[in-house]
Amino acid sequence: MAFRTLYRRAPRGLLHALTVFVVLLAGAGIGAGAFALAHGGDTTRVHGCVNTGSGALRVIDASGQCRNNEQALDWSIEGPAGPQGERGESGDQGPSGDFTGVFTSDNGLYSLSVTDDGIVLTSPTGSLRMTDFNTTLTDRTVRIEGEATTRVNGGVVILNCGPTDGGFPVARVNDQVLISSPVSGAIMSGSQTVTAC
């Protein structure tokens, strides 16, 4: 009754202002509700909706919306860095770096064997064996190439001789040769360290 009386007695200008205020207030309330129910699509944050009655929380997509009985709740995916932790205890001594065994290629054609007796590289047709006093390379074809100079040095160099072949000293530049016939001859001196068969 009092409101009706006030409505009847209120000036027209006051009634218009009151109506505009009520409309703005209602609009502000609708806007606030929409902001609480919708998320802005920010993928750098986790978006959730909390049920205002039960307190249950559910996670939704960045562009998802909460229900009318839920309140929007967002939090960062990654928080700020924490303080430096304390230094941990020293670990146990690791195993020795020594290795004895065989490495084999996936196809089984090539291998590297490391033992206390030496190292052996093997292929389908040859091998390279390295021991305390010997290095032996065997294969169907062995090629030694050098763009400028290829050197073969050793106390004694034996070329193309078998294990029991004695061979002959290799002639050097200016070595004397005794010619016994137009097609044969003999080296008078020759190399003392290079032998060929």
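The values are calculated or read from the model by the stated rules, or taken from the named source; none is laboratory data. All figures in this text were calculated on a predicted structure; none of them were measured in a lab. Don't worry about glycine lacking a Cβ; one is built from the backbone with ideal geometry, like all the others, and counts go over all protein chains shown. Just so you know, the surface numbers come from the protein's heavy atoms only, side chains and all, with ligands and any DNA or RNA stripped out. Shrake-Rupley method; radii C 1.70, N 1.55, O 1.52, S 1.80 Å.
Of all beta bridges that DSSP places with both ends in the stretch 72-197, some 90 percent have antiparallel geometry. Model label points for Ser54 and Thr125, set 7 angstrom from Cα along the Cα-to-Cβ axis, are 7.7 nm apart. Of the accessible area of the stretch 63-125, computed with a 1.4 Å probe over protein heavy atoms only, carbon and sulfur atoms account for 48 percent. Rolling a 1.4 angstrom probe over the protein heavy atoms with all chains in place gives the stretch 34-182 an accessible area of 85 Å² per residue.
Remark: the stretch 161-166, residue by residue, has Karplus-estimated 3J(HN,Hα) of 10, x, x, 10, 6, x Hz, where x stands for each Gly or Pro and the curve is 6.51 cos²θ - 1.76 cosθ + 1.60 at θ = phi - 60°.
Hey, what did the stretch 143-189 get for relative contact order, percent, Cα under 8 Å, at least 6 apart? The partial results should precede the final answer.
On the way: 24 pairs, mean separation 10.5, N = 47.
Answer for the stretch 143-189 is 22 percent.
Normalised by the residues of the stretch 73-197, what does the relative contact order come to in percent, with Cα pairs under 8 Å and at least six apart? Computed value for the stretch 73-197: 13 percent relative contact order.
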